[in-house]
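The values are calculated or read from the model by the stated rules, or taken from the named source; none is laboratory data. Since the structure is predicted, the reported quantities are computational estimates derived from the model, not experimental observations. Quick reminder, even Gly has a Cβ in these numbers, built from the backbone with ideal geometry, and neighbours come from all protein chains shown. The protein model used for the area step is the full one, side chains on, heavy atoms only, and it has no ligands, DNA or RNA in it. Shrake-Rupley method; radii C 1.70, N 1.55, O 1.52, S 1.80 Å.
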Amino acid sequence: SEAPAMMNESTHIGRNQLLDHKKGWITTVDGYTQRIFAEGHAAEESARPIVEQIIGEELYPVVGVLEGTNKMASFDGLTMMGDIVYEHKLWNKTLAENVRNEVLEPTYYWQLEQLLLVSGAETVIFVCSDGTEENMVYMWYRSIPERRQALLAGWDQFEKDLATHELKAKEEKVTADVITSLPALD
């Protein structure tokens, strides 16, 4: 989701990087990052039937756009009635502990707010897993009005900033190695 980056709360991409991307900047994803993405998608896929049992409904991965806007979201799953969103994150101990305690970092709740805004759904089942029941925790999330208002204001400001944003060449930072001793002369 772009919402955390737009709100400058993403752990993966900065707000200026998102502005660059929207202006056409192309970034290459390295092999390590691609493997993490693949692992996350595989876990999400494996967890979907487990989550369907929890909620008693089928989930369909889909991309949606809020009618009359350019606000969009990619859903790991959405019920046919569109009232429950499924969002999956790859298992990690810290996130699992936060989910157990129903406390999320901004990078996650901004994404959930975006999902609810675009879908019109009532709730998100937010899951952290490795694709198995043994390593799976989840919580329910409902939109918080103050966050929804902040998200909408954030998108309004982002659109204004995007209109005047100019791409700039990336600067390569060159660092010299520290030499602590010189080789002996023969």
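A compact table of results
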{"item": "Qualifying residue in region 52-72 (condition: at pLDDT 90 or above, in contact with a Lys or Arg (Cβ under 6 Å, 6 or more places away or on another chain) and surrounded by 10 or more Cβ atoms within 10 Å (Cβ to Cβ))", "result": "yes"}
{"item": "Criterion: buried (at least 18 other Cβ atoms within 10 Å of the Cβ) and either at negative phi or not charged (D, E, K, R) (or both) - qualifying residue of Leu162, Leu117, Leu152", "result": "Leu117"}
{"item": "Residue match in region 36-47 (condition: assigned to a loop (DSSP other than H, G, I, E, B), without any contact (Cβ under 8 Å) to a residue 60 or more places away in the chain and either at negative phi or hydroxyl-bearing (Ser, Thr, Tyr) (or both))", "result": "no"}
{"item": "Filtered residues of region 50-99 (kept if aromatic (Phe, Trp, Tyr) and part of a loop (DSSP other than H, G, I, E, B))", "result": "Trp91"}
{"item": "Pair list, Cβ < 7 Å and 6+ apart or interchain, from region 1-24 residues that are farther than 22 Å from Lys89 by Cβ to residues that are open to solvent by less than 60 Å² (accessible area, probe 1.4 Å)", "result": "Leu19/Asp161; Leu19/Leu162; Leu19/His165; Lys22/Leu162; Lys23/His165"}
{"item": "Filter result (among the β-branched types (Val, Ile, Thr), in contact with a strand residue (DSSP E or B) (Cβ under 6 Å, 6 or more places away or on another chain) and surrounded by fewer than 17 Cβ atoms within 10 Å (Cβ to Cβ)) within region 76-109", "result": "none"}
